[in-house]
Amino acid sequence: MKRLAVLILFTFLGSGNFFAQTPDLAGSYYHFSLAKMHESRQEYREAISEFEKAIPLDPTSGALRVEFAETLWEAGENKRAVEECQEAIKLDPESSAPHFLLGRIYSTLRTADQAQALDQAIEEFERTIELEPDHSQALYDLGRLHLAKKNYQKAVDILDRFSQLQPWISQAYLLKARAHIELNEIQEAIESLERSFAYDETNLENLKLLGNLYEQAGQREKASELYSRSLDNMTDPDIRFRLALLLTDQNQFVEAVSILQELVTAFPKNVRINISLARALRGNNKHAEAAEVIKKALQDDPNHYRLNFELAELLALLGERQEAIERFLHLRDMSESNQRINAIDISLALLYQRTRQFDKAVELFQAVVRKSPDDEISRLRLAYALKDAGRLQEALSLSEQLLKGSIAHTYEEQPNKTYLVVAHAQMLSADNQLEKAVTLLNNQIAESSSPEELYLAASQLYVDHENHKEAERMIREGMFRFPDSEKMRFQLGAVYEGQGKLEETEAVFQGILKSHPQHAGVLNYLGYMLADRGLRLLESLDYISKAVEIEPHNGAYLDSLGWVYFKLNQLELAETNLLLALRLSDSDPTIYEHLGDLYSKLKQYDRARTYYRHSVSLAENEEQEKVQKKLTDLELLLGNKL
């Protein structure tokens, strides 16, 4: 323990009434020296004995009493230590040393009344500072105790004084930041920790808290920069893990995967790291690799809930939907927590929806809503499931209820309001109430401070009803307010394509690719548009191949790739990619139609008929009529052959 600095001979000469009683300074100092020697060896009994010999030889020295008190404290004799400090105060009332030591003793006491002991410690430290305003250690300890006693503003004020005296002590900035956090002064907490880094960039505790505060304040780029910079000075795995999570949140998946793979190598059985790696791989569209990571982790804990849940989701993305369903059902049987069962039911319902098992999806969403009737998102999902199940009036009624519950609130007060408005407009549109749907969206555009999604929804409703002129007008109006919106530009390109304005469509999409060359959606759209019309097929293949490289498990993109190969008369490659697309998206009527066209060309007419029939059962309106004609013509051909 750090000892008080004492120039003992000078202190003795200046203490008490020298002429009233002449002390034996030499004898006192001799025993004092022996006491210090024994103390350094932790021979406290002998040290105490020597102090007891030294004090009678210089009975008026307050400094000697403080030294004795500290030795008693180190020996665990707290009561005697307190008594010696109190005696030292009587001998030298203007000395800060005994008050400071009393503060330290009281702050470490473990008593039945801990609060009282802390109050006594605070009182002694405050007296220390009264006597010696720049006593830095007393300021630090006092600030720490005020924080412990939840006197947060006092803690901030005292620690500010300490940091002015010793600005290089990083722990003080940490304590002050914690006080600011309790006062809900997040920016002040951030600034306190930032100041600490001017003196010490390697303090791990400060770094982690500052990173957390950046994340809470939405300053993710600052957090990433902080963590990245810190890796130059330290290799703390927790910092590396936090950086990887931030990179994942910022869609910097390649960088996140690199860090997480190293961490998995170092900590192969850490479930959280394995799951994070799988999610980063998933974000990078490496679904198969992500699944392998989870499967390997499951070898150590086959019944781990989170690992099984992640694997089920990945299997669904890989087209293994039945296996995903079975894993979710098994996980549900194993789970006792209502929260977990709810999460499984939602994922299962969404999976049933994707596999066109709409009645099962409705049943599960209804169960979720019964358990959580205030869950707007689950009720919204139920509305869409009802619509998909052909129960449009029920879906319309439910979406109207949801909208009425939010209509009186602003968009800032009700974060889900945009989704609720769009959902009800879509239900109205499906019920052939387009004018009413668009009126709703226009009214809400006037109310919302950020109506980008409302413009997009209105434009798309016009597209759904083949009113491309109004769709273009609506999207142009939106682009006037959101000129830099990539979504708006994409929608404009799609509207142009629907009008047959191919040059305008290509100009819009090339503009997006100029600023975002890895935009898989644009690459696929542009490539498919050319392939479907038999134009510039090699260029089309290049676009689509890039899209598939970016998202190798996207069924729509693989369908485009199969289709351009079909147009290029590379039928084997066409079949491979179309079947893979079907595995990933088995409810897409276009993929079935393309397979029907392929097998017709290969003169495998029975297979072609099977795929055409599937397409007809899934398609709607003009698309259905188009495929039905192909099916009818094929059946006539087969009939004539018979």
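Summary of computed values
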read-out	value
Any hit, the stretch 120-132, residues being of a type in the set (Lys, Arg) and more than 23 Å from THR60 (Cα to Cα)	no
Residue ranges of helices (runs of 4 or more DSSP H) in the stretch 478-571 with at least 2 members more than 30 Å from SER449 (Cβ to Cβ), basic (Lys, Arg) and free of Cβ contacts under 8 Å to residues at least 12 places away in the same chain	none
Output for the stretch 214-252, where each listed residue is within 25 Å of GLU551 (Cβ to Cβ) and surrounded by fewer than 19 Cβ atoms within 10 Å (Cβ to Cβ)	ARG220, ASP249, GLN250, ASN251, GLN252
Qualifying positions in the stretch 601-616 - of a type outside the set (Lys, Arg), within 21 Å of SER585 (Cβ to Cβ), touching a helix residue (DSSP H, G or I) at 6+ places or on another chain (Cβ under 7 Å) and open to solvent by 30 Å² or more (accessible area, probe 1.4 Å)	TYR611, HIS614
Selection status of GLN171, at pLDDT 95 or above, open to solvent by 40 Å² or more (accessible area, probe 1.4 Å) and under 43 Å from the mean Cα position of the chain (by Cα)	no
Any hit, the stretch 294-305, residues being assigned to a helix (DSSP H, G or I) and among the acidic types (Asp, Glu)	no
Test: residue in the stretch 267-275 that is at pLDDT below 90 and assigned to a loop (DSSP other than H, G, I, E, B)	no
Among residues of the stretch 322-345, those that are open to solvent by 30 Å² or more (accessible area, probe 1.4 Å) and assigned to a loop (DSSP other than H, G, I, E, B), counted	2
Qualifying residue in the stretch 526-546 (condition: touching an Asp or Glu at 6+ places or on another chain (Cβ under 8 Å) and among the charged types (D, E, K, R))	no
Among (1) open to solvent by less than 20 Å² (accessible area, probe 1.4 Å); (2) over 26 Å from LYS286 (Cα atoms); (3) not in a helix (DSSP H, G or I), the one test that GLY319 misses	(2)
Wholly enclosed helices (runs of 4 or more DSSP H) of the stretch 33-143 bearing at least 2 residues farther than 27 Å from ALA172 by Cβ and not hydroxyl-bearing (Ser, Thr, Tyr)	44-57, 62-74, 78-91
Top-ranked residue of the stretch 368-388 - restricted to ones that are acidic (Asp, Glu) and assigned to a helix (DSSP H, G or I), ranked as most open to solvent (accessible area, probe 1.4 Å)	ASP388
Residue within the stretch 558-579 that is hydrophobic (A, V, I, L, M, F, W, C), at pLDDT below 95 and either open to solvent by less than 30 Å² (accessible area, probe 1.4 Å) or within 30 Å of GLU506 (Cβ to Cβ) (or both) present	no
Verdict on LEU634 being at pLDDT 95 or above and surrounded by 13 or more Cβ atoms within 10 Å (Cβ to Cβ)	no
Positions within the stretch 260-303 being within 22 Å of TYR214 (Cβ to Cβ) and open to solvent by 20 Å² or more (accessible area, probe 1.4 Å), in sequence order	ARG272, ARG279, GLY283
Residue check for VAL463: of a type outside the set (Lys, Arg) and over 30 Å from ILE341 (Cβ atoms)	yes
Total residues in the stretch 421-465, condition touching a residue at least 24 places away in the same chain (Cβ under 8 Å), more than 15 Å from LEU396 (Cα to Cα) and among the acidic types (Asp, Glu)	4
Single unsatisfied condition, GLN116 versus (1) open to solvent by 60 Å² or more (accessible area, probe 1.4 Å); (2) touching a helix residue (DSSP H, G or I) at 6+ places or on another chain (Cβ under 7 Å)	(2)
Meets criteria (open to solvent by 50 Å² or more (accessible area, probe 1.4 Å), farther than 30 Å from ARG144 by Cβ and within 53 Å of the chain's Cα centre (by Cα)) for ARG45	no
Qualifying residue in the stretch 605-619 (condition: farther than 22 Å from LEU558 by Cβ, free of Cβ contacts under 8 Å to residues at least 40 places away in the same chain and not in a helix (DSSP H, G or I))	no
Residues of the stretch 183-194 classified as exposed (fewer than 15 other Cβ atoms within 10 Å of the Cβ), touching a residue at least 12 places away in the same chain (Cβ under 8 Å) and not aliphatic (A, V, I, L, M), total	1
Checklist (1) part of a helix (DSSP H, G or I); (2) more than 22 Å from ALA280 (Cβ to Cβ) applied to PHE241, failing item	(2)
Residue count, the stretch 346-367 (criterion: farther than 24 Å from ILE407 by Cα and either open to solvent by less than 40 Å² (accessible area, probe 1.4 Å) or part of a loop (DSSP other than H, G, I, E, B) (or both))	15
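Rundown of residues vs (1) open to solvent by 40 Å² or more (accessible area, probe 1.4 Å); (2) among the small types (Gly, Ala, Ser); (3) closer than 30 Å to ARG45 by Cα, yes/no style:
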| residue | (1), (2), (3) |
| --- | --- |
| GLU84 | no, no, yes |
| SER95 | no, yes, yes |
| ARG127 | yes, no, no |
| LEU139 | no, no, no |
| LEU145 | no, no, no |
| TYR152 | yes, no, no |
| SER163 | no, yes, no |
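Residue-wise test of (1) crowded, with 20+ Cβ neighbours inside 10 Å; (2) in contact with a strand residue (DSSP E or B) (Cβ under 7 Å, 6 or more places away or on another chain); (3) within 21 Å of GLN433 (Cβ to Cβ); (4) at pLDDT 95 or above.
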| site | (1), (2), (3), (4) |
| --- | --- |
| GLY493 | yes, no, no, yes |
| TYR496 | yes, no, no, yes |
| VAL508 | yes, no, no, yes |
| SER515 | no, no, no, no |
| ASN524 | yes, no, no, yes |
| LEU538 | no, no, no, yes |
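The values are calculated or read from the model by the stated rules, or taken from the named source; none is laboratory data. Treat the numbers as computed from the prediction; the structure is a model and nothing was measured. Note: ideal-geometry Cβ built from the backbone for every residue, glycine included; neighbour counts use all protein chains shown. Each accessible area value is taken on the protein alone, full model and side chains, heavy atoms only, with ligands, DNA and RNA left out. Shrake-Rupley method; radii C 1.70, N 1.55, O 1.52, S 1.80 Å.
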